[in-house]
Structure formats: structure tokens, C-alpha cells
Amino acid sequence: MISHEELLEKNLVALAKTQPRLAGELRKHFDEILGGKLPQPLLKETSSGHWVKGLGESPFFQKDENFDFKRAKAPVYLLFGLGYPPYLFRILRALPQEALAVLVVEPTLEALLFTLSRTSVFQALPQGCRICFLVEDRHALLDEALLWTLVPM
């Protein structure tokens, strides 16, 4: 069984191939801000979904959803928020094989680090599909993400 730290490292290595600046920012945040410890969010399961606290400044509610993209096939998907793992994994697995790119907007580095430590993001993608993560409002990180994901199309 792979540990959370090993899975995070594996995902950061994969991310560094496409978004090296973001991978570097995540490593720095993990080491310097979080002290090398992954966030430990509070998860409360309800009959309608999950209430999550500790992956950013504000808690959030994640409704339990079934993803069916069969009716609305598109080449590019935009996802606002990572949710609580394995939310992103289930969304990526539900994408049609024709999907070319997924842009994930997530403002908190903690949520991205936590997801990358719990989910094999890059293995869940359809073959040939690119993923990028849009975090913070720094132009260098945004340019890097969009150059990898959208410019080749």
C-alpha cells in the first residue's frame, strides 16, 4: 500500500513535467508553511454529502453527485474546486474518452496538496487528456497552466 506522502511525491513528479512552477510552489508550501505535514481536515458525513473543514480558510459542503457526461460531450472541461478526495478522481473517471483537457480552479494550496496525496489524479484521466490546476492569481502560474493545456489545441 502506498503512503499518502509517496502518492503526493508521485503526483508532484508528474505535475512537474507540465506545471513545474506550480509543483515548486506546492513543495515550498508543503515544506515551509505546513512544516512537511499534510493537512488533516475534519470530515462530517451527512445524508446529503460531506461537510469539510480544514482545507482552506472556509469550510465547504460537497453534495453527493453522480457524474454523467455522456449527454454533454465537450473537448474541454472546467471544474471549480477540488472537493474532498476522491471527488476529483470520480469526475476524471467519468469523463468521456474524447475529453482533451480539464482545467481545475482551486484557490487553496492545502486542498490541492491534500488531493494529490490521496488521489492518483494523472492515472484517472482519459488517454491523451491534459489537466492543469489554476491556483492563486499569479500570472506566471496561470500562464504555465494555460500554455500546457489549451495552446496545443
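The values are calculated or read from the model by the stated rules, or taken from the named source; none is laboratory data. Computed from a prediction, not measured in an experiment: that's the story for all the values here. Cβ: placed from backbone, ideal geometry, glycine included. Neighbour counts: every protein chain shown. Ligands, DNA and RNA are stripped out before the accessible areas are found, and what is left, the full protein with its side chains, is counted by its heavy atoms. Shrake-Rupley method; radii C 1.70, N 1.55, O 1.52, S 1.80 Å.
Working carefully through the options PRO39, PRO85, find the one that is open to solvent by less than 60 Å² (accessible area, probe 1.4 Å), at pLDDT below 90, under 22 Å from ILE2 (Cα atoms) and in contact with an Asp or Glu (Cβ under 7 Å, 6 or more places away or on another chain). Can you show your working first?
Details: PRO85 fails: in contact with an Asp or Glu (Cβ under 7 Å, 6 or more places away or on another chain).
Answer to the check: PRO39.
For residues that are in a helix (DSSP H, G or I) and either free of Cβ contacts under 8 Å to residues at least 24 places away in the same chain or open to solvent by 50 Å² or more (accessible area, probe 1.4 Å) (or both), tally how many sit in region 26-35.
So the count comes out to 5.
Could you give every pair whose Cβ atoms fall below 8 Å, whose first residue belongs to region 81-95 and is closer than 14 Å to GLN123 by Cα, and whose second residue is open to solvent by 10 Å² or more (accessible area, probe 1.4 Å) and assigned to a helix (DSSP H, G or I), counting only separations of at least 6 or pairs across chains?
PRO86/ARG118
Filter region 42-65 for residues that are among the aliphatic types (A, V, I, L, M) and buried (at least 16 other Cβ atoms within 10 Å of the Cβ) and give the result.
VAL52, LEU55
Keeping to region 90-140, report how many residues are open to solvent by 30 Å² or more (accessible area, probe 1.4 Å), within 9 Å of the chain's Cα centre (by Cα) and under 16 Å from LEU8 (Cα atoms).
So the count comes out to 0.
Here's a check for you: in region 42-66, which residue that is among the aromatic types (Phe, Trp, Tyr) and within 18 Å of ARG118 (Cβ to Cβ) is modelled with the lowest pLDDT? So that I can check it myself, show each step before the final result.
Restricting attention to region 42-66, the residues satisfying the condition of being among the aromatic types (Phe, Trp, Tyr) are 51, 60-61.
Okay, now just the ones that are also within 18 Å of ARG118 (Cβ to Cβ), so 51, 60.
Working: TRP51: 85, PHE60: 81.
The selected residue is PHE60.
Are there any pairs, at least 6 apart or on different chains, whose C-beta atoms fall under 6 Å, with the first in region 40-59 and within 20 Å of PHE30 (Cβ to Cβ) and the second of a type in the set (Val, Ile, Thr), and if so, which?
Matching pairs, first to second residue: PRO41/VAL52; GLY56/THR108.
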